Amino acid sequence: MIEIGQLFYFVAASVALTLLPGPDILFVLSISVSEGKKAGIATASGLCTGLLFHTTAAAMGVSAIVYKSALAFTLVKYSGALYLIYLAFKALKENEIFLSSDKIKKADVFLLYKRGIIMNLLNPKVSLFFLAFLPQFVVAGEGNVPVQMIFLGLVFLVQALFIFYLVAIFAGIIGSRVMQMSNTGKYVNWVKASIFSVIGIKLALSNR
């Protein structure tokens with residue numbers, strides 16, 4: 001359905017865009033450093049699960065509706081911003097208690113996974129990104145367009161998941177070493193809260 005050369009360019013562009021210091025990769029990085037690699041992997045899995053929704057929405061035209069509706073876009077982005085501010089507040093309340101990457105419970109993993117999904121779904125910029133990015137690699141006359149977009153979205157998801165997992169693992173290793181130093185816990189939580197707040201404010205001030 002899609003030529004190998006076209007697919008190669010798509011993967012290369014997707015990797016480059018995923019590696020940019022955007023909200024998702026910063027979110028995974030902060031969680032991994034403060035709560036361990038397993039926490040980062042769970043969060044990354046949630047974020048990428050959310051991409052399934054955005055891919056489907058772009059393919060079926062739902063993203064276009066959000067883009068055209070100022071009210072829908074505003075409601076979603078402010079909901080996402082408030083959620084991130086809430087996570088920042090929770091980070092400040094954690095004090096120096098962290099989830100160990102070796103002792104993290106299944107309930108904690110599911111909570112972090114769900115948190116990743118919610119954060120991704122409440123970011124309308126992701127839907128608009130897919131709406132603008134995926135059609136550039138669709139080949140007209142070479143099969144159903146929505147199916148091509150869903151296929152490309154799945155390819156994007158796989159490479160994003162791979163990169164996020166690598167970030168989670170390496171950040172988790174660094175974080176475990178940082179946590180061995182005395183009196184670092186509160187500072188890491190302050191940094192994490194600051195990152196969440198900046199992402200939330202940036203989302204609230206974003207335009208379509």
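The values are calculated or read from the model by the stated rules, or taken from the named source; none is laboratory data. These figures come from a predicted structure and were not determined experimentally. Neighbour counts run over all protein chains shown; Cβ positions are idealised from the backbone, glycine included. Just the protein is used for accessible areas: all its heavy atoms, side chains included, with ligands, DNA and RNA removed. Shrake-Rupley method; radii C 1.70, N 1.55, O 1.52, S 1.80 Å.
A few comments on the model shown:
Here is a yes/no grid of residues against (1) in contact with a Leu (Cβ under 7 Å, 6 or more places away or on another chain); (2) more than 14 Å from GLY40 (Cβ to Cβ); (3) modelled with pLDDT of 80 or more; (4) open to solvent by 40 Å² or more (accessible area, probe 1.4 Å):
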site	(1), (2), (3), (4)
PRO124	no, yes, no, no
PHE137	yes, yes, yes, no
ALA140	no, yes, no, yes
GLN159	no, yes, yes, no
ALA171	yes, no, yes, no
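- Failed item in (1) modelled with pLDDT under 70; (2) within 30 Å of VAL178 (Cα to Cα); (3) open to solvent by less than 40 Å² (accessible area, probe 1.4 Å); (4) not basic (Lys, Arg), with ALA107 passing the rest: (3)
- Residue within the range 128-140 that is of a type in the set (A, V, I, L, M), under 17 Å from ASP24 (Cα atoms) and assigned to a helix (DSSP H, G or I) present: yes
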